[in-house]
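Here is the structure we will look at.
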Amino acid sequence: MKYQILSSPPSRIEAEIWLSQGLLKQDENLLIQRYRQGQRTLPSVNEVKRLVQNRVAKKTISQFSQEQKLTPWKPPTWQVVRNPLHDGVCIQVVFEQLPEVTLPKSYKLKLDVPPVNLPTEASLMWQAVDHQYRLAERHLSNGTVETGDLVKIDLIALVDNQPLPALCFANYDFYVEKAGNNLPDLTEQLVGATEGEHLSFDLALPDNYYLPAYRGVMANFDVHVHEVYELDKPELEVLPERLGFADMDQMMAAFYQQQLQENQWRWREQTRQFVLMHVVSQSQFDLSEAFLEHRVLQAWEQREKPLLLAQGLSQGMLGAARDFYLEQESILEEISIDAACALVAEAIARQENFDVSPEEMGCLIGPFLDLLELEDPNAFVDDLKTDPAVIQAYMLGRMEKAMTSLYQQATLVCEGEVIKEPELTIT
């Protein structure tokens, strides 16, 4: 592979890479062979050349990125440039590099942490109620909503005619008066409604709404009632038998252990993040606007948009929901923190030479095989290290190792008592 680096400021690498005619011809023969083996119609000559050129360019760019130890944060932009002095194809490539990070010379990792939340009587009862609803038998009602019913509704909440992403659903199963399910007064608004009825009413958003700027703000709720079901829920007294427990005490003891394990797991994940944030606060870096904008749009495409589509939000409302999402300061702040953590974790992973094995990345291999066009799945991780289209997935694997390493090095103090000493062996 021949190449020439045209410019290399810290955050941007521009280069020219030459694809030899022999390499292009070799890949063309392989492509034609695959089509013939699969008994598929061969594309036109120009289409074959385009496919081959793209495949070879992609592989060569990945190889160049790996050899130069680049850390791109988005797919490179490239274009073909014909060079009359060279037998082959020249491509001009631009790589956007991860911002540089200066890590502290030594980590000060003695931290105060809160205790693990213990299950409460209320949380245990909520779990029991949840099982009652899960085991309930549905029967179409007379069409009028009553307390305790299940109502299938379309729901859109608007503030200043902008949809709130977390409060837009289609064909949503709403349990009237189920614990932990309702917004204030929403049940009162639904009781007495009938199938096919369209409701519009104003309510204040709850004080624990996930966007701080909208807590307590009045929103307009647009609701269409599709179907109303009566629920034949098992009584609390028979719930242990239905769930396979000897008695109520055994059931509640099992709920307690389950919730305790979940709380312990959640505490450990939050603590690992807290330890990483402590190192972030001691590190020096600059998050460029372009890098942050990319992360925000990435979060929208990978998290929020699929969720809204799954909830049944129409394509017509999607644009407004996207604009709303991109304007929220609390969301931008959260993504900025996530980006800083990912950036510092990647710097730690490079410093400590952490790697990710095919076994560790096994859950990601399937979704990306077609994207990477791999002939050999064993080459997955090598491609993943350098292919900007999926570099975030590889970074997440390395971030896990960095967080584990920091957690193992940390001394944790809870309510004045050391609850964890540094571990001598770090894997």
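The values are calculated or read from the model by the stated rules, or taken from the named source; none is laboratory data. No experiment lies behind these values; they were computed from the predicted model shown. Cβ atoms come from the backbone with ideal geometry, glycine included; neighbour counts cover every protein chain shown. Surface areas here come from the heavy atoms of the whole protein model, side chains and all, with no ligands, DNA or RNA. Shrake-Rupley method; radii C 1.70, N 1.55, O 1.52, S 1.80 Å.
Where Lys and Arg each count +1 and Asp and Glu each count -1, what net charge lies around residue 422 among other residues with Cβ under 14 Å from its Cβ?
Details: positive: 108, 110, 420; negative: 421, 423.
So the surrounding residues net to +1.
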Practice item. Classify segment 170-270 as rounded, prolate or oblate from the Cα gyration tensor: take a ≥ b ≥ c as the square roots of its eigenvalues, call it rounded if a/c is under 1.5, otherwise prolate when a/b beats b/c and oblate if not. Key: oblate
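Below 11 angstrom from the Cβ of residue 339, what's the summed charge of the other residues (Lys, Arg +1; Asp, Glu -1)? Let's see the in-between values first.
Values: positive: 295; negative: 293, 333, 334, 338, 346.
Local charge sum for residue 339: -4.
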Review point. Say we join alpha carbon atoms closer than 10 Å with springs in a Gaussian network model of the chain; which of 350, 242, 295 then has the biggest fluctuation?
Key: 242
Check your understanding: Which lysines have a Cα lying under 17 Å from the Cα of residue 59, excluding residues fewer than 8 positions away in the same chain?
Key -> 2, 25, 49, 69, 74, 385
Check your understanding: Calculated from DSSP H runs of 4 or more alone, at -39500 (n - 2.57) each and per residue, what is the 222 nm mean residue ellipticity of the chain, nearest 500?
Key -> -14500 deg cm²/dmol
Review point. What is the sum of charges around residue 247, taking Lys and Arg as +1, Asp and Glu as -1, for the other residues whose C-beta is under 11 Å from the C-beta of residue 247?
Key: -3
Revision key, fill the gap. When the chain is treated as a Gaussian network with springs between alpha carbons less than 10 Å apart, the largest mean-square fluctuation among 47, 262, 304 is found at 47
Exercise for review: Rounded to the nearest Å, what's the spacing between the alpha carbon centres of segment 62-126 and segment 137-169? Just the number, please.
Suggested key: 41
Revision key, fill the gap. What one gets for the chain as the Kirkwood radius, inverse of mean 1/r over different Cα pairs in Å, is 26.5
Check your understanding: Among all the lysines, which ones have a C-alpha under 19 Å from residue 233's C-alpha, if same-chain residues fewer than 8 places away are not counted?
Key -> 152, 178
Check your understanding: Quick one: Cα centre-to-centre distance for segment 316-336 and segment 256-314, in angstrom?
Key -> 15
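Just to confirm, what accessible area per residue do you get for segment 1-112 at 1.4 Å probe, in whole Å²? Provide the component values of the computation, followed by the final result.
Values: 6980 Å² over 112 residues.
Heavy-atom SASA per residue in segment 1-112 reads 62 Å².
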Point to revise | GNM top mover of 247, 338, 154 - the chain, alpha-carbon springs below 10 Å | key: 247
Point to revise | With every protein chain in place, the chain: carbon and sulfur % of accessible area (1.4 Å) | key: 49
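Where the only charges are on Cβ atoms (+1 Lys, Arg; -1 Asp, Glu), what is the dipole of the chain about its Cα centre, to the nearest 20 debye? Present the calculation step by step, with values, prior to reporting the outcome.
Working: 36 positive and 64 negative charges, 521 e Å.
Dipole about the Cα centre, nearest 20: 2500 debye.
Just subtract the alpha-carbon distance of residue 112 and residue 138 from 0.36 nm times their residue separation and send over the number in nm, one decimal. Mind showing how you got there, number by number?
Working: separation 26, 0.36 × 26 = 9.36 nm, distance 4.92 nm.
Taking 0.36 nm per residue and subtracting the Cα distance, the gain is 4.4 nm.
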